[in-house]
Amino acid sequence: MSSSGNRTNRRDLLKGTAALAPIVALAGSRALADGRIKHDDWASSAPAPAHPTTADYKPTFFTADEYAFLIAACSRLIPQDEHGPGATELGVPQYIDRQMVTPWADGGIWYMQGPFFPAKPEFGYQASLTPKQQFQQGIKAIDALCQKQFQKPFAGLAPTQQDDLLKGIEKGTVSSPDLPLKTFFTSFLLKTVMEGYFCDPMYGGNKDMAAWTMIAYPGVRADYLEWVGEAKPYPYGPVSMYGARG
């Protein structure tokens, strides 16, 4: 997290990591239509059904209070500024809600058996909670901290208060007895917000490919090899999985 005065640095960081984010998002977001996936599907070249951002979206997994937290958190993690739209404007809360019906959210594509113990980051995720449970319990724990200190949920705080809380969680100075909040923030909330911001629009985020346009990412175009190594911006707009043009 950065303060509002350092949003340019935050954008530079996002630009530097954006080339990888769509790939990660595509790999983790299969079979969104019914929440099921087969091992054979990973080898399939057929794209999943498109579920683009909609103006009247209603969450199917998160409660109204949980979804209000997501909207508020997305708005602070990637805010709208002079460089482009923020995460909320590009439908990232919708993307995260849709992820909760995938096998990834249930831990179905991970090894989720014990023993569970603290380990160095290079050993990967070591907790017993599924991603879905991380989001549910993480949001609950953060809202409980806010209610105790401010008598309001996270979504009801002022933007500066939200920023301070998120920065404290990221640094490990704000904690909860119910959940390792730093793990929830870094490994799930922030990572998934970035995925939703840079994913293919078919998954509910990156509305109108605005994030790709901002960083001049070509999307799924297959004819830009001659531009690799060129010291000038790519001149054409991005193309999505279903052929839409940004």
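The values are calculated or read from the model by the stated rules, or taken from the named source; none is laboratory data. It should be emphasised that the depicted structure is a prediction, and the values quoted were computed from it without experimental measurement. Ideal geometry is used to build each Cβ from the backbone, glycine not excepted, and the neighbour counts take in all protein chains shown.
Which condition from (1) closer than 19 Å to I169 by Cβ; (2) surrounded by fewer than 17 Cβ atoms within 10 Å (Cβ to Cβ); (3) touching a Lys or Arg at 6+ places or on another chain (Cβ under 8 Å) is the one that C146 breaks?
(2)
Has the stretch 107-123 got at least one residue that is closer than 28 Å to A158 by Cα, modelled with pLDDT of 80 or more and out of contact with any strand residue (DSSP E or B) (no Cβ under 7 Å at 6 or more places or on another chain)? Don't jump to the end; show me each part of the working.
First, pick out the residues of the stretch 107-123 that are closer than 28 Å to A158 by Cα: none.
Within the stretch 107-123, none of the residues are closer than 28 Å to A158 by Cα, modelled with pLDDT of 80 or more and out of contact with any strand residue (DSSP E or B) (no Cβ under 7 Å at 6 or more places or on another chain).
Looking at the stretch 65-82, which of its residues are more than 17 Å from K167 (Cβ to Cβ), over 13 Å from the mean Cα position of the chain (by Cα) and outside any loop (DSSP other than H, G, I, E, B)? I'd like the intermediate steps shown before the answer.
First, pick out the residues of the stretch 65-82 that are more than 17 Å from K167 (Cβ to Cβ): 65-68, 70-71, 80-82.
After this cut, where a residue has to be over 13 Å from the mean Cα position of the chain (by Cα) as well, the list is 65-68, 80-82.
Matches in the stretch 65-82: D65, E66, Y67, A68, D81.
Within the set of pairs 6 or more residues apart or between chains, which connect a residue that is of a type in the set (D, E, K, R) inside the stretch 137-164 to a residue that is assigned to a helix (DSSP H, G or I) with Cβ atoms less than 7 Å apart?
Filtered contacts from the stretch 137-164: D143/F69; D143/F154; K152/C146; D163/R76.
Any chance you could count how many residues in the stretch 72-87 are modelled with pLDDT of 95 or more and closer than 26 Å to Y242 by Cβ? Walk me through it before giving the result.
To start, the set of residues in the stretch 72-87 that are modelled with pLDDT of 95 or more comprises 72-79, 86-87.
The next check asks that each one be closer than 26 Å to Y242 by Cβ; those that pass are 74, 78, 86-87.
So the answer is 4.
Report whether or not V228 is at pLDDT below 95, of a type in the set (V, I, T), more than 30 Å from T130 (Cα to Cα) and surrounded by fewer than 18 Cβ atoms within 10 Å (Cβ to Cβ). So that I can check it myself, show each step before the final result.
Details: at pLDDT below 95: yes; of a type in the set (V, I, T): yes; more than 30 Å from T130 (Cα to Cα): yes; surrounded by fewer than 18 Cβ atoms within 10 Å (Cβ to Cβ): yes.
So V228 fits the description; yes.
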